[in-house]
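Heads up, the thing below is written out as structure tokens.
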Amino acid sequence: MNRVPELLPPVDMFVTTADPVLEPTIITVNTVLSLLAVDYPANKLACYVSDDGCSPLTLYSLIEASKFANLWVPFCKKYNIQVRAPFRYFSCSCESILPGDHSPGFQIEWKKMKDEYQKLEGKLEYAAQNSVPYDNSSEFVPFKNIESRNHPTIIKVILENKGGHSNELPHLVYISREKRSNFPHHYKAGAMNVLTRVSGLMTNAPYMLNVDCDMFANNPQIVLHAVCMMIGFEHESGCAFVQCPQIFYDVPKDDPFGSQMLASLETIGHGMGGIQGPCYAGTGCFHRRKIIYGLSLNNANSKGTLIEKALEEQFGNSIEFVKSASQILFGLDGKTNHPHDIPNLIEAAYQVANCGYERDTAWGNKVGWRYGSATEDVLTGMKIHARGWKSVFCMPNPPGFLGCSSQGGPVSMIQRKRWATGLLEILFSKDCPIFATLTAKLQLRQCLAYIFILTWGLLCIPDMCYSALPAYCLLTNSHFLPKVQEPASYLFVALFVIRNLYNIFVFLQFGLSIRAWWNHLRMDKITSACAQLFGVLSVILKLLGLSETVFEVTKKDQFATSESDNVDAGSFTFDESPIFIPGSTLLIVQLSALVMGLLGLQPPAQGMHGSGLGEVMCSVFVVLCFWPFVKGLFRKGKYGIPLSIMCNSTALALLFVLLSRRASMG
């Protein structure tokens, strides 16, 4: 048993952040601390933090966190603390997660840890408001007079496990890759590729974990769980990557924003698990480094070597990196050891983090995280599956990772717009899964599963048409449903009832409430009318060559609050973004149609009969789905629809009413 830690393979852990304002550093710090404290030999771990915002505040926060980690990590392992993100452990709402040790020694240490964490919070809060603590330090000289989107590479080794001892702290390295205005940055995918190259030089672990800055390690044994799943197959083809689901903490009761998506994770995730495996979700995922390096399934067991020129064409002209890549591709998996001279590799690390390093190489095309989509995760995972590899879904109890959910309207809509845009970019490109099935090794059923996911954004087109149809019928006194007394109406009612009863059953099956089902249903409608529609428009403009899609970083709330702490925790919020115009327009159209129908202001019916109860009920159903917008008409501040949105929506609704009435008269 004493030799078991020696047999475990090294793992490099990646944390990505891009903006210390939208993604507060206290969130990143908690994620890093939870990773440093996992139950895994420290000499087998290395944590790399990518700061795409090039913020001295982020570096300062990590340096201060490393000092706290010297106390926090031993405390967690000594008392077998299960939740190792300090904010979560010390939160008042989570007292049930505290261990049962009430000895005086534990109580003293617990109080000391809480005091030290509060000091850390105070330092970071003060630093965020005042740059004095780090402006005058030599550590932060590289940050002077630089811009977040135009700066050289900055790499700092914050923690180094010099002795290679398992009871010390893992390596901790800060990286801010070079950015220049005349070089494409490729957003998160570009940052991940830099992390891959720098870690390949410094530690070169055969396995890699990547998490977003807000997804802390909730299960201290998650690395061990994932590694055992990857080395537990007789053939490597059994598992190319292990994906943990995205689960969120402190979600308001009944999930009013539909962010948890547990039912979808269970059905789609496990469903794809029966084919080639779940898709890559961008966070909470463990990868084999050799597969990220582009190794195909046919060459998985090859022990040969490639000529140096061929390797340079693939990976770039860094001799040190080509050597490390060769070791991973053709060495013995899991037998690589961490180098003990990390500071001596800084110069080589600066070279591979250079923004021009990828020019004329295979990075982003055949090697590393793939470029060309705002959802680089799905594209990268699909390319791995297309090479014949499989993946595995990992759902331990407790969950491996927890993150903060998107609260309110603007953040949620921006995030889902990005999903819709990125997925459609893949669908309408040379990377379409249909081509991968015809020319590569993507199985037909896996292809169909990917198409189901990629076409998610397109659902807004029929959804908007069907949502507007009952209003159009009321405005023109026409119908699309049979009369209530006609037998044919029973078919439509039966289809509506059966479909929704089935969805309710699925939610109840996973321990969710009927209210949660309704919240998920109405958020689907709101997302379709707002986020997905704008995602489709973005892709259309890109295909026409009129604009390029942009990766938008979403704001992370520092920590979610429960409903008991905030009565408005589940209330929908708005801002002046045009993304809310379609939903507001649709609501005003429905209300106008209902008023005209109830007041008898409709034109004479043109056919056998005009609009009836069926059209009225459908219109009422749409209004109920957009109830957060109804409340937004009468509320103020961030919970009310801004006047600019109201004016634009009213004008569009009036145009729809006029065109509908003109069409009925024509």
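Results, tabulated for the structure shown:
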{"read-out": "Unique match (being open to solvent by less than 70 Å² (accessible area, probe 1.4 Å), without any contact (Cβ under 8 Å) to a residue 40 or more places away in the chain and among the aliphatic types (A, V, I, L, M)) among A468, A440, A494, A436", "value": "A494"}
{"read-out": "Total residues in region 168-209, condition within 17 Å of V11 (Cβ to Cβ) and open to solvent by 50 Å² or more (accessible area, probe 1.4 Å)", "value": "1"}
{"read-out": "Output for region 288-315, where each listed residue is in a loop (DSSP other than H, G, I, E, B) and modelled with pLDDT under 90", "value": "L295, S296, A300, N301, S302, K303, G304, T305, L306, I307"}
{"read-out": "Residue in region 48-64 that is assigned to a helix (DSSP H, G or I), over 21 Å from E121 (Cα atoms) and modelled with pLDDT under 95 present", "value": "no"}
{"read-out": "Exclusive hit being out of contact with any Gly (no Cβ under 6 Å at 6 or more places or on another chain), within 14 Å of C618 (Cβ to Cβ) and among the hydroxyl-bearing types (S, T, Y), set Y450, Y472", "value": "Y472"}
{"read-out": "Test: residue in region 8-21 that is part of a helix (DSSP H, G or I) and open to solvent by 10 Å² or more (accessible area, probe 1.4 Å)", "value": "no"}
{"read-out": "Those residues of region 537-583 which are modelled with pLDDT under 90 and open to solvent by less than 40 Å² (accessible area, probe 1.4 Å), in sequence order", "value": "T549, T554, K556, A560, A569, G570, S571"}
{"read-out": "Only listed residue being within 30 Å of M382 (Cβ to Cβ) and in contact (Cβ under 8 Å) with a residue 12 or more places away in the chain, chosen from L458, L481, L474", "value": "L458"}
{"read-out": "Which numbered condition Y89 fails, given (1) under 21 Å from V223 (Cβ atoms); (2) crowded, with 18+ Cβ neighbours inside 10 Å; (3) modelled with pLDDT of 95 or more", "value": "(3)"}
{"read-out": "Residue list for region 615-666, filter: open to solvent by 20 Å² or more (accessible area, probe 1.4 Å), under 21 Å from S571 (Cα atoms) and among the aromatic types (F, W, Y)", "value": "F621, W627, F634, Y639"}
{"read-out": "Search result, residues across region 371-394 that are open to solvent by less than 20 Å² (accessible area, probe 1.4 Å) and of a type outside the set (S, T, Y)", "value": "A374, E376, V378, L379, G381, M382, I384, H385, A386, G388, W389, C394"}
{"read-out": "From E121, E139, E116, residue being of a type outside the set (G, A, S), assigned to a helix (DSSP H, G or I), over 22 Å from G403 (Cα atoms) and at pLDDT 95 or above", "value": "E116"}
{"read-out": "Number of the exception - S649 against (1) modelled with pLDDT of 95 or more; (2) among the hydroxyl-bearing types (S, T, Y); (3) closer than 21 Å to L601 by Cα", "value": "(3)"}
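Here's the yes/no breakdown for (1) β-branched (V, I, T); (2) at pLDDT 90 or above; (3) in a helix (DSSP H, G or I):
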position	(1), (2), (3)
L224	no, yes, yes
V242	yes, yes, no
A263	no, no, yes
C279	no, yes, no
T283	yes, yes, no
F286	no, yes, no
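For every residue, the table says whether it meets (1) more than 17 Å from E552 (Cα to Cα); (2) at pLDDT 95 or above.
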position: M395; (1), (2): yes, no
position: S405; (1), (2): no, no
position: I414; (1), (2): no, no
position: L427; (1), (2): yes, yes
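The values are calculated or read from the model by the stated rules, or taken from the named source; none is laboratory data. Not measured: the values here are computed from a predicted model. Note: ideal-geometry Cβ built from the backbone for every residue, glycine included; neighbour counts use all protein chains shown. What goes into the accessible areas is simple: the full protein's heavy atoms, side chains included, and nothing from ligands, DNA or RNA. Shrake-Rupley method; radii C 1.70, N 1.55, O 1.52, S 1.80 Å.
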